Amino acid sequence: GAQDLLAISVFGVQELSKEVRVNSNGQISLPLIGGVMAGGRTIPELEAELARKYSEGYLQKPQVSVFVKEFASQRVTLEGAIAKPGIYPITGKTTLLQAIALAGGIDDKTADLGGIVLMRQVDGKRMAAAYDLRQVRKGMVDDPLIYGDDIIVVEQSASKTALRRFIESVPVLGIFNVL
C-alpha cells in the first residue's frame, strides 16, 4: 500500500538491491525498469512482476526478493474505553489483544469487557463482530487477527461510567457530616 517501505533485492546484483517507498499512486521506481505498480499486490505477485521485467533484456533468470520493512498503509483505529485512543500502524500479523495493547490497554474504570466491537470492510460492506475480552483472554474464543483499516471500539459500561461520574461530581469534603 501507499507509503509502505519495501526492501527489494536481486540475487547476485547488489547494485539493483534497494529500499523503496510505495508512492501515493501505488508505484515504486527501480533502476533499469523504472516505475512498477506495487500497490494492491501480494509479495509473490510483485516478485514475479519484477523478475519478469528484469528478464526482458537485462538479466537471465533473475531471482527477486521483496520484504515489507514498514507497513505504513496498515493502520488500525482504536476508540472508546481505551487508555490512548487513536490510529496505530500494524506490522505483520496482529491480533485483537495485541492491537488493544498498542493503545495502552483498556480503561479498567469504564470499559465493558463484553462489549468489544471489531468493524471491517468485507466485499465493500461494513461488517462488525462483537467479542468478550474475558473469553478471548481465557482462550475460550480465538483472538481474531486484525487487518489494515479495521476499527476496534471498546464500549463503556453504563453502570461503571455512571458510578464514576457520580463519585467525580460529589464534593470530597462534607459528604458524611455527622451532626
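The values are calculated or read from the model by the stated rules, or taken from the named source; none is laboratory data. Fair warning: this is a prediction, and the values are worked out from it, not measured in the lab. Neighbour counts are summed over all protein chains in view; Cβ atoms, including those assigned to glycine, are modelled from backbone coordinates with ideal geometry. When the accessible area is computed, the model is the full protein with side chains, heavy atoms only, and any ligands, DNA or RNA have been set aside. Shrake-Rupley method; radii C 1.70, N 1.55, O 1.52, S 1.80 Å.
Remarks
- If you filter the range 34-54 down to residues that are assigned to a loop (DSSP other than H, G, I, E, B) and open to solvent by 30 Å² or more (accessible area, probe 1.4 Å), you find that the one that is nearest to VAL68 (Cα to Cα) is THR42.
- Residues in the range 109-135 that are modelled with pLDDT under 85, outside any strand (DSSP E or B) and closer than 22 Å to LYS84 by Cβ: LYS109, THR110.
- Only residues that are out of contact with any Lys or Arg (no Cβ under 7 Å at 6 or more places or on another chain) and either free of Cβ contacts under 8 Å to residues at least 24 places away in the same chain or part of a strand (DSSP E or B) (or both) were counted across the range 136-156, and they come to 12.
- Those residues of the range 14-32 which are open to solvent by 30 Å² or more (accessible area, probe 1.4 Å) and more than 14 Å from GLY1 (Cα to Cα), in sequence order: GLN14, GLU15, SER17, LYS18, GLU19, SER29, PRO31, LEU32
- Restricting GLY92, GLY86 to residues that are modelled with pLDDT under 90 and at positive phi narrows the list to GLY92.
- Subset of the range 20-33 (residues that are among the β-branched types (Val, Ile, Thr) and either assigned to a strand (DSSP E or B) or within 14 Å of VAL64 (Cα to Cα) (or both)): VAL20, ILE28, ILE33
- Single residue of the range 55-102 satisfying the filter (without any contact (Cβ under 8 Å) to a residue 40 or more places away in the chain and assigned to a strand (DSSP E or B)) that is surrounded by the fewest Cβ atoms within 10 Å (Cβ to Cβ): ILE87
- Verdict on ASP112 being touching a residue at least 40 places away in the same chain (Cβ under 8 Å) and of a type in the set (Asp, Glu): yes
- Taking the criterion of being exposed (fewer than 12 other Cβ atoms within 10 Å of the Cβ) and closer than 14 Å to VAL154 by Cα, the residues of the range 103-133 that qualify are ASP108, ALA128, ALA129, ALA130.
- Of all the listed residues (GLU70, GLU56), the sole one being of a type outside the set (Val, Ile, Thr) and either at pLDDT 95 or above or over 21 Å from the mean Cα position of the chain (by Cα) (or both) is GLU56.
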